[in-house]
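Following: one structure in structure tokens, then a few remarks.
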Amino acid sequence: MRRRHDGVTRWLRTALLCLFAAMMPASIARAQETKDQSADVATIVDAISGEALIVDGMVKGLARSLDGQPKFKALEDRHPGFRAHVEDDLLVLFRETVRQRYPIVRPKLDALVRTSAKPDELATIAAYLKSSAGTRFLAAWGKDDETDLLEYWTRYTSSYASDTSPLDRTADAQFATSGALRTLASLNDVLDPPLSEWSDELVAEMKPRLPQILSANIARTTP
């Protein structure tokens, strides 16, 4: 019985080794594929809804909001420097709040992007966004208040800056004709609902601190 047991054990060990040998390349490939896809998703989310971009958008929104409030202008007239101090304090508040809360919404954004496009589409988009042409486009788009990506793209590619290289222009054309541009625009739209909901939560969280900031800076700038 002992010999038979040893034989079965050796057979089982050999079979398991063969099974592992057959599975490992596929497992490694799947793991690498998952890793690559996660990197592509991260690149895309960072480019269109990254933490720094959200803070920048909040700052721009704040500036427009303050510009449209006569009462705030009256306070600035009576308290020189009031607006600058308020904006500085609010920027600190924005950054602090987003830094604490962004990790909560980020997995949802990643999951939406991952399930809203095919792996090869994600790879194409990520490669473009990391390229010279993509970096240039993102920098230009970030300075513009236009929310519709396709509309801005048309304006951007119809009036290139003089220092835009022929290679970058070609890369832009290939990106658009491949269909990847429309997929990127679609992904941008997909992220809007969860980001809007999350933004409302941020505002609700920050709102109680606003009166304190205003009062402190009125006192700070009283002649």
Debye log10 I(q)/I(0) for region 93-209, one point scatterer per Cα, at q = 0.20 Å⁻¹: -1.14
20 °C / 1.002 mPa s Stokes-Einstein diffusion coefficient of region 105-169, Kirkwood radius on C-alpha pairs, µm²/s: 159 µm²/s
Whole-angstrom gap from region 133-187 to region 188-216, using each part's C-alpha centre: 29 Å
Solvent-accessible area of Asp88 with every protein chain in place, 1.4 Å probe, in Å² to the nearest 10: 90 Å²
Distance between modelled label sites at Leu62 and Ala204, nm, 7 Å Cα→Cβ extension: 2.2 nm
Region 97-223: relative contact order in percent, alpha carbon pairs under 8 Å with at least 6 residues between: 40 percent
Cβ-placed point charges (K, R +1; D, E -1), dipole of region 27-176 about Cα centre in debye, nearest 20: 340 debye
Positive-pole candidate from Pro119, Tyr152, Ala74, dipole of region 68-155, charges at beta carbon: Pro119
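The values are calculated or read from the model by the stated rules, or taken from the named source; none is laboratory data. Every value quoted in this text rests on a predicted model; they were computed, and no experiment measured them. Neighbour counts are summed over all protein chains in view; Cβ atoms, including those assigned to glycine, are modelled from backbone coordinates with ideal geometry. Each accessible area value is taken on the protein alone, full model and side chains, heavy atoms only, with ligands, DNA and RNA left out. Shrake-Rupley method; radii C 1.70, N 1.55, O 1.52, S 1.80 Å.
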